[in-house]
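Enquirer: One structure coming up, written as structure tokens, with questions to follow.
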Amino acid sequence: MTADLILGIETSCDETAAAIVARGSDVMSSVVSSQIELHRRYGGVVPEVASRAHVELLMPVVAQAIVEAGVEDREIEAVAATHGPGLVGALLVGVSAAKAMSMVWDVPFVAINHLEAHLYAAFLEEPDLEMPLVILLVSGGHTMLIVMEGHLRYRVLGGTVDDAAGEAFDKVARYMNLGYPGGPVIDELATQGDPAAIRFPRAMANEGWDFSFSGVKTAVVNHVRKHPDADVGDVAASFQEAVIDVLVDKARDAAREVGAKGLCLAGGVAANSRLREKTLDVCAADGYRAFLPSRAMCTDNAAMVAAAAWWRLQVDGPSPLDIGADPSLRLPIVG
Ligand code: KG4
Ligand code: ZN
């Protein structure tokens, strides 16, 4: 089954987002309402606050996405929503709203995996990306090294054994009182520091495909405790360098091992300037494509949900209306 015009909805964490995408890659509108200000004073996302904000924001955001796309409700051919992984209350808001709209408009409902949506962000801007493709998916909740062998066909090479990369940025920033979310702040501060000032550990650097970031986080905490006057820019740059070194080295090895046609970044941490720069460097040196989605498509948005839905609908058809939110949903592995 196909549906050319899909309304995507994303409410898995702290962004309330809706988008209209045509044929899986033509973004007609993408509206993201961030709740960062609401959560900032708690230093992280408060699930109940997130759910309530989604309830208030979702319908205005959907209305704005429809108006900005310049389409009529009746032209929408399917409604897709993220149904996991994420915060259960937050997910339920988007899933329930999407089901209701699909019933009212009498169009298919498509339940989408948030991780798969992040992978499809790349195809929004580059629909003809060649495979096999190695994708480094790095967000606040996940760090995964994935080989995409064809549409909807993935192999997970490895993941984090403790903190996700974005989580490490957020925790280090919180410890250093730099604010929330930590990634963008550290990224900015690092531009004023020396990445070689402090040699933080590169855990599991030569040990398979998995990652570990809790050690480097503890090393930063210990360093700052011992050297309270350390230059904040140097600490930020050195920490960032340690994380990015491991991420890019493993992604590069993976690309070599599978004979990838390209290396692609996905997830919120893919917005990181140093990660983007280093990925471009290694891909240029090794002679294959680097694909870096625009920063707005790296962080949570609903255009990527609609893009994934376009592919899913063709293969699986509509999702049953009794499908629920699944906070610990995993990436479907086929082949
Ligand atoms: O994908 P995303 O928007 O939400 C999740 O699904 O988790 O990712 C959010 C994560 C946060 O941990 C945030 O600190 C991190 O992405 N992040 C960054 C940058 N921008 C966002 N990390 C490093 N550098 C950045 N520029
Ligand atoms: Zn995400």
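The values are calculated or read from the model by the stated rules, or taken from the named source; none is laboratory data. Being a predicted model, the structure only gives us computed values, none of them experimental. Every residue, glycine as well, gets a Cβ built from its backbone with ideal geometry; the counts of neighbours run over all protein chains shown. SASA here: full protein model, heavy atoms, side chains in, ligands and nucleic acids out. Shrake-Rupley method; radii C 1.70, N 1.55, O 1.52, S 1.80 Å.
Enquirer: Looking at this structure, is Ala168 in contact with a His (Cβ under 6 Å, 6 or more places away or on another chain), closer than 20 Å to Gly268 by Cα, within 16 Å of ligand 2 (Cβ to nearest atom) and of a type in the set (Gly, Ala, Ser)?
Expert: So Ala168 fails the test.
Enquirer: Would you mind finding the one in Ala98, Ala63, Ala90, Ala78 that is under 22 Å from the mean Cα position of the chain (by Cα) and under 15 Å from Ile6 (Cα atoms)?
Expert: Residue meeting the stated conditions: Ala98.
Enquirer: Quick check on this structure: which one of Ala270, Ala290, Ala255, Ala303 is under 22 Å from Glu130 (Cα atoms), in the same structural domain as Val27 (by TED's automatic domain parsing) and crowded, with 17+ Cβ neighbours inside 10 Å?
Expert: The unique qualifying residue is Ala303.
Enquirer: Also, I was wondering about something else. Within the range 10-25, is there a residue that is over 18 Å from Leu119 (Cβ atoms), of a type in the set (Ser, Thr, Tyr), within 16 Å of ligand 2 (Cβ to nearest atom) and open to solvent by less than 60 Å² (accessible area, probe 1.4 Å)?
Expert: yes
Enquirer: In the set Val156, Val161, which member is among the β-branched types (Val, Ile, Thr), closer than 25 Å to Val221 by Cβ and open to solvent by 50 Å² or more (accessible area, probe 1.4 Å)?
Expert: That would be Val161, the only listed residue that is among the β-branched types (Val, Ile, Thr), closer than 25 Å to Val221 by Cβ and open to solvent by 50 Å² or more (accessible area, probe 1.4 Å).
Enquirer: For the range 177-223, name all the residues that are part of a loop (DSSP other than H, G, I, E, B), closer than 23 Å to Thr299 by Cα and either touching a helix residue (DSSP H, G or I) at 6+ places or on another chain (Cβ under 7 Å) or open to solvent by 40 Å² or more (accessible area, probe 1.4 Å) (or both).
Expert: Asn177, Leu178, Gly179, Tyr180, Pro181, Thr191, Asp210, Phe213
Enquirer: Right, something else. In the range 26-41, how many residues are in a strand (DSSP E or B) and open to solvent by 40 Å² or more (accessible area, probe 1.4 Å)?
Expert: Of the residues in the range 26-41, 6 are in a strand (DSSP E or B) and open to solvent by 40 Å² or more (accessible area, probe 1.4 Å).
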